Every structure is written in structure tokens, then in C-alpha cells.
Amino acid sequence: MNDSPYVSPLESFPQLAVARGWTWRRLLVLAVLAALVVMWGWIYLFAPRDNPDRFQSTQFAQAAEPLCAAAQEAIDAFPVAHTITSPQERAVYVREGTEITARLIEDLRALMPLVTDAQDRETLNLWFEDWEQGYLVDRWAHVDRLENATADTPDRELAFLVQERIPGGFYTRRIDGLANVNDMPSCRVPGDI
């Protein structure tokens with residue numbers, strides 16, 4: 001027998017005794033941890049890393065980037081929006097930026113003969129569709145709202161609105177995503193509006 005005056009709480013309260021051995025909770029925690037290790041190991045070591053938007057050939061991207069950079073530079077030269085005093089004055093710059101962007105898309109389409117892979121052509125056609133049927137349409141609508149604004153037009157009606165063409169995503173993300181994946185940073189949507 002122990003002559004020590006100290007009495008362990010576990011001796012006084014047997015219900016507090018720590019369970020020893022393999023309980024179902026410990027097995028569950030161990031199984032979850034093992035599953036996480038296996039999942040992240042597979043993702044890190046074996047998961048495919050190919051992006052479906054990456055072009056097979058870099059010819060289009062290399063030819064497109066300088067065209068986009070020149071267009072972006074022209075648009076970036078416009079006055080900053082907060083320095084403009086009226087919607088009509090803002091409309092002048094948005095119209096000019098829209099015309100530059102429309103010409104850029106025409107110039108980029110002229111580079112399509114550089115694309116020989118069928119999947120790349122299909123991907124680019126969808127990208128151009130987002131530019132032409134999404135972004136340019138929305139820019140022209142914005143120009144129209146600015147040009148027709150009156151002194152009583154609320155600011156919220158003068159905002160640039162982006163349509164959601166496909167459920168679950170805006171076309172601007174797709175445009176920017178393809179440009180980023182293919183190392184064409186200047187071919188993202190202009191930041192003027």
C-alpha cells in the first residue's frame with residue numbers, strides 16, 4: 001500500500017479514468033487522418049496538372065501579347081475616372097476605349113492562322129465569344145448609359161454592369177483566366193471602367 005498523503009483524482013473518481021487501448025473514437029480519428037494524408041499525397045504527387053485552357057503551341061500567345069500591351073497602354077493613358085466631371089465626358093473615354101478594344105479583338109482574330117491545334121482553336125473561339133458577345137456588348141451599353149445620362153440620373157445607374165452569360169460565372173473571369181494561363185497578361189480585360 002502507498003503511504004503517500006497524495007490521492008490521485010483517478011482513484012477518487014473512477015469515472016475520470018482515461019480509457020486505454022483502441023476505442024472507436026481513436027480509430028475514427030486515425031482513419032480520417034490517414035485518409036487526409038493519402039488524399040493530399042495523391043494530389044501532390046499524382047494528380048494531373050494540365051490546364052485545359054493552356055495552348056499546345058505558344059505562337060498565338062507570343063503574337064497576341066504585344067498587340068494587347070499596345071491597346072492596354074493606349075487605354076491606360078486616359079484620365080482616371082474620378083478626375084472626370086460629367087458622365088458625358090466619361091462617355092468619350094469609355095467610347096474610345098471600347099473602340100480600341102474592338103479593334104484589338106479584330107487584330108487578335110487575324111492571328112488565328114497561327115493556331116493549328118483543333119482544341120486551341122475551339123478554346124480561342126469561346127474566348128473571342130466572351131469578348132464580343134459579353135465584354136464589348138456591356139461596354140457599348142455602358143457608353144450609351146453615360147451619353148444619355150442627365151443631372152438626375154442616379155450614380156448606381158451609371159455603373160458598368162457585367163452580364164452573367166453562363167450560370168455560375170462571369171465572362172471576365174474566363175477572359176482573364178485564359179490570358180493568365182497562357183502568359184498573355186496584357187490580354188486581360190482593360191481596367192479603365
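Of the set (1) surrounded by 12 or more Cβ atoms within 10 Å (Cβ to Cβ); (2) under 26 Å from GLN133 (Cβ atoms); (3) in contact (Cβ under 8 Å) with a residue 60 or more places away in the chain, all apply to PRO52 but (1).
If you take the residues in segment 78-119 that are basic (Lys, Arg) and at pLDDT 95 or above, which one is nearest to ALA63 (Cα to Cα)? Step through it out loud before you land on a result.
Step one: of segment 78-119, the residues basic (Lys, Arg) are 90, 95, 103, 109.
Now narrow it down to the ones that are at pLDDT 95 or above: 95, 103, 109.
Numbers: ARG95: 26, ARG103: 15, ARG109: 11 Å.
Ranking the candidates gives ARG109 first.
Checking ALA151, ALA141, ALA102 one by one, the residue that is closer than 22 Å to GLY177 by Cβ and among the small types (Gly, Ala, Ser) is ALA102 and no other.
Quick grid of which residues meet (1) at pLDDT below 95; (2) out of contact with any strand residue (DSSP E or B) (no Cβ under 7 Å at 6 or more places or on another chain); (3) among the polar types (S, T, N, Q):
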residue	(1), (2), (3)
TRP140	no, yes, no
ASN148	yes, yes, yes
ARG156	yes, yes, no
ARG165	yes, yes, no
GLY169	yes, yes, no
GLY177	yes, yes, no
ASP183	yes, yes, no
CYS187	no, yes, no
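In segment 77-107, what count of residues is obtained for those that are of a type in the set (Ser, Thr, Tyr) and within 24 Å of the chain's Cα centre (by Cα)?
Step one: of segment 77-107, the residues of a type in the set (Ser, Thr, Tyr) are 83, 85-86, 93, 98, 101.
Those still in the list that are within 24 Å of the chain's Cα centre (by Cα) too: 98, 101.
The qualifying residues number 2.
Just checking, how many residues over segment 87-115 are assigned to a loop (DSSP other than H, G, I, E, B) and without any contact (Cβ under 8 Å) to a residue 60 or more places away in the chain?
Number of matching residues: 2.
Within segment 38-66, if we keep just the residues that are assigned to a helix (DSSP H, G or I) and touching a Leu at 6+ places or on another chain (Cβ under 6 Å), the residue that is nearest to HIS142 (Cα to Cα) turns out to be ALA64. Residues of segment 58-67 include at least one that is in contact with a Ser or Thr (Cβ under 7 Å, 6 or more places away or on another chain), at pLDDT 95 or above, closer than 28 Å to ASP192 by Cα and of a type in the set (Asp, Glu). Pairs linking a residue in segment 70-84 that is free of Cβ contacts under 8 Å to residues at least 40 places away in the same chain to a residue that is in a helix (DSSP H, G or I), with Cβ atoms under 6 Å and 6 or more positions apart or on different chains, are ALA74/ILE100; ILE84/ARG90.
Filtering segment 42-62 for residues that are more than 30 Å from GLU99 (Cβ to Cβ), more than 23 Å from the chain's Cα centre (by Cα) and not aliphatic (A, V, I, L, M) leaves a non-empty set. As a summary of the residue check, ASP183 satisfies the conditions (1) in contact (Cβ under 8 Å) with a residue 24 or more places away in the chain; (2) at negative phi; (3) touching a helix residue (DSSP H, G or I) at 6+ places or on another chain (Cβ under 7 Å) except for the one numbered (2).
The numbered conditions (1) within 25 Å of the chain's Cα centre (by Cα); (2) within 25 Å of PHE55 (Cα to Cα); (3) surrounded by fewer than 20 Cβ atoms within 10 Å (Cβ to Cβ) are all true for ALA110 except (1).
The values are calculated or read from the model by the stated rules, or taken from the named source; none is laboratory data. No experiment lies behind these values; they were computed from the predicted model shown. No Cβ is skipped: glycine too gets one built from the backbone with ideal geometry, and neighbour counts run over all protein chains shown.
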